[in-house]
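Just so it is clear, none of the values below were taken in a lab; they were calculated from the coordinates. Since we're looking at a predicted model, the values are computed, not measured. Positions of Cβ are generated from backbone atoms using ideal geometry, with glycine treated the same way; all protein chains shown enter the neighbour counts.
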Amino acid sequence: MGSSLITLHGKDFQPYLSAAQLAEAVENLAARINADYAGRQPLFVVILTGGFMFASDLLKHITLTCEVVFIRVSSYEGTESSGMVQEVLGLREEVAGRDLILIEDIVDTGTTMHHLLPRLLAQNPASVEIATLFFKPASLRHELTLNYVAREIPNDFVVGYGLDYDGLGRNLPDVYVAV
Ligand code: IMP
């Protein structure tokens, strides 16, 4: 991992988690999902855009027969959650009776999931679980059950590995934290 600061939109970030540390956490999570869903055929629902890199690595370690779809919900500008969640775009698949596993980059306030889950549950899936790369327990404002968390982090703003700061930083293989 680079040991130096990076600057995005004039804001400094320092190295926080290396690609190797992320890979280990993601592999461990995939192993748990493989064990828990043995014999089932889940439908993974990747939440764009932030979840793309995590999803790609996680799914490479999923040995289950499964389907993968992508949806988009947008709720975030700058470094603080706006609390507004827009429409869910892109879910055309039949989810009734399916075991859904949502793949999300980070659960912060939980607002995104709090709005998304009822919309999915209204379509009568057999089950819904959330697989998130990061979880910030200190900022959670809604009751949520998170069974698949790759890594809990403090209430700091992070970028890289899919996560952005106003559009920048998603391509970084390591994760950085705001200084
Ligand atoms: P929530 O609705 O507050 O849980 O926020 C979820 C969304 O906020 C995530 O999908 C991210 O897009 C964004 N987000 C929350 N914390 C961070 C962060 O530290 N870095 C980058 N994006 C974040």
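Given a Förster distance of 30 angstrom, what is the FRET efficiency for D166 paired with L89, based on the Cβ-Cβ distance and rounded to 0.05? Once the sixth-power term is evaluated, E becomes 0.90.
Counted residue by residue at 0.36 nm each, then reduced by the alpha carbon distance between them, the extension gain from H61 to T145 reaches 27.9 nm.
In order along region 110-127, the Karplus-derived 3J(HN,Hα) couplings, from 6.51 cos²θ - 1.76 cosθ + 1.60 at θ = phi - 60°, round to x, 4, 4, 5, 4, 8, 6, 4, x, 5, 6, 4, 5, 9, 6, x, 5, 7 Hz, and Gly and Pro are given as x.
Each Lys or Arg adds one and each Asp or Glu takes one away; over the other residues whose Cβ falls under 15 Å from the Cβ of A38, this sums to -1. Relative to the current alpha-carbon distance between R119 and V179, full extension at 0.36 nm per residue lengthens the span by 17.9 nm. The angle between the Cα long axis of helix 19-36 and the main principal axis of the chain comes to about 10°, on a 0 to 90 degree scale. Only Cα pairs under 8 Å and 6+ residues apart enter the sum, and on that basis the relative contact order of the chain stands at 25 percent. For region 36-179, the equivalent ellipsoid derived from the Cα gyration tensor has semi-axes of 24, 17, 14 Å, listed largest first.
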